[in-house]
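Some notes on the structure that comes next.
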Amino acid sequence: MDLNAVRMLVQVAEARSFTAAAGQLGISQSGLSRAIGRLESELGVRLLQRTTRAVSLTPDGRQFVEHCTPLLCGLEDAERRLGDRPCTPSGVLKLTAPSMFGRKVLVPLTGQLMARYPQLQFELVLNDRLVDLVEEGFDAALRTGPISDVRMVARPLRPLRWVTVASPGYIARHGAPESVDALQDHTCLAVRNLRSGRLVDWQFRDGDGLRDVTAPARMVFDSGDPLVEGALAGVGIVQVMDFAVADALADGRLVRVLEPFEGRTRALSLVYPTSRQASPKLKVLADALSAGTW
């Protein structure tokens, strides 16, 4: 079996395009198509479903790629070792993440990794846009919620947890709410979902489940980033992810309220194409994130 053709198949599966994959591989589209056609003939099955809009794996193709990708990564690692190439993380790791997580967690964490590995570099794109990792040339992404893209490996990280906080100055002036319903008597800062036009609900534990609450917002933002600044300024109460206020809680600039009712969480994953999983630079990032010290 032609291993180069298998590598080409993996690239096409990730890019979902012969044109994009050919450009990434530096070969002609016709040469790429012929190589995969020979592989299909050798295996006696159809590996790719071609349409006018995209290319996708057939069920046989998906099973074949899932089994072959770890083997290809193992071969690449063996080649590096036999060639006496350094396995020290080096080069540029292009990564995308939500803005607040990027600023609060990734910037200090990647700074520590660069100090440890002088040949390692990062390119961080910090916004809430859902990028196409393969087509836009990213090595990995931090994403929340369930991951449905079968082309990607999703490494679970510590779930995100929400806390409700205010400044000591605000509490001194207005008191702390003792119940969720008592929020109606307080100044709350919230975020509007630009796609739905609705305020993003707050969530609290209610018995064995979660209760959605539309906070009585007197100040509304178009993203979550300014919430922390608003709380620190004593403007009102906010509900944010714990990593965003960990330092302010630790030094007393913010305090938690309604703590017995906390319970909102969301899955967080490091997502990357299957062809990247043997990358030393990606491994050190994944290990640092999995340590969960943020």
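The values are calculated or read from the model by the stated rules, or taken from the named source; none is laboratory data. Because the structure is a prediction, the values reported are computed rather than measured. Because the Cβ atoms are built from the backbone with ideal geometry, glycine has one as well, and the counts that use them run over all protein chains shown. Ligands, DNA and RNA are stripped out before the accessible areas are found, and what is left, the full protein with its side chains, is counted by its heavy atoms. Shrake-Rupley method; radii C 1.70, N 1.55, O 1.52, S 1.80 Å.
Each stretch of four or more DSSP H residues adds -39500 (n - 2.57); spread over every residue of the chain, this sum gives -11000 deg cm²/dmol at 222 nm. Placing R0 at 25 angstrom, the Cβ-Cβ distance between residue 218 and residue 181 gives a FRET efficiency of 0.90 after rounding to 0.05. Projecting label points 7 angstrom from Cα along Cα→Cβ for residue 208 and residue 158 puts them 2.9 nm apart.
Solvent exposure of the chain amounts to 52 Å² per residue of accessible area, where only protein heavy atoms count and the probe is 1.4 Å.
Database remark: amide H of residue 153 closer than 5 angstrom to the amide H of 272, 274 (H placed geometrically; neighbours at sequence offset of 5 or more, or on other chains; Pro and chain starts carry no H).
As a calculated quantity, the FRET efficiency between residue 172 and residue 117 at R0 = 41 Å, using C-beta atoms, amounts to about 0.30. Modelled spin labels at residue 251 and residue 294, positioned 7 Å past Cα toward Cβ, are 2.0 nm from each other.
Working from the Cα coordinates of the range 1-74, the gyration tensor eigenvalues give, after taking √(5λ), semi-axes of 17, 14, 12 Å in decreasing order.
Computed from Cα atoms, the angle from the helix 280-290 axis to the main principal axis of the chain rounds to 30 degrees.
Listed values for the range 250-262 are Karplus-derived 3J(HN,Hα) couplings in whole Hz (6.51 cos²θ - 1.76 cosθ + 1.60, θ = phi - 60°), namely 5, 9, x, 6, 10, 10, 7, 10, 6, 4, x, 9, 5, and x replaces Gly and Pro. A full extension of the chain between residue 67 and residue 107 corresponds to an added length of 10.9 nm, given 0.36 nm per residue minus the alpha carbon distance.
Of the residues 190, 154, 20, the one that moves most in a GNM of the chain with alpha-carbon contacts below 10 Å is 20. Using all pairs of distinct alpha-carbon atoms, the Kirkwood hydrodynamic radius of the range 124-195 works out to 16.6 angstrom. Backbone N atoms of the range 1-18 closer than 18 Å to the 7 Å Cα→Cβ label point of residue 28 belong to residues 5, 18. By the Kirkwood approach, averaging reciprocal distances over each pair of separate Cα atoms, the chain gets a hydrodynamic radius of 22.0 Å.
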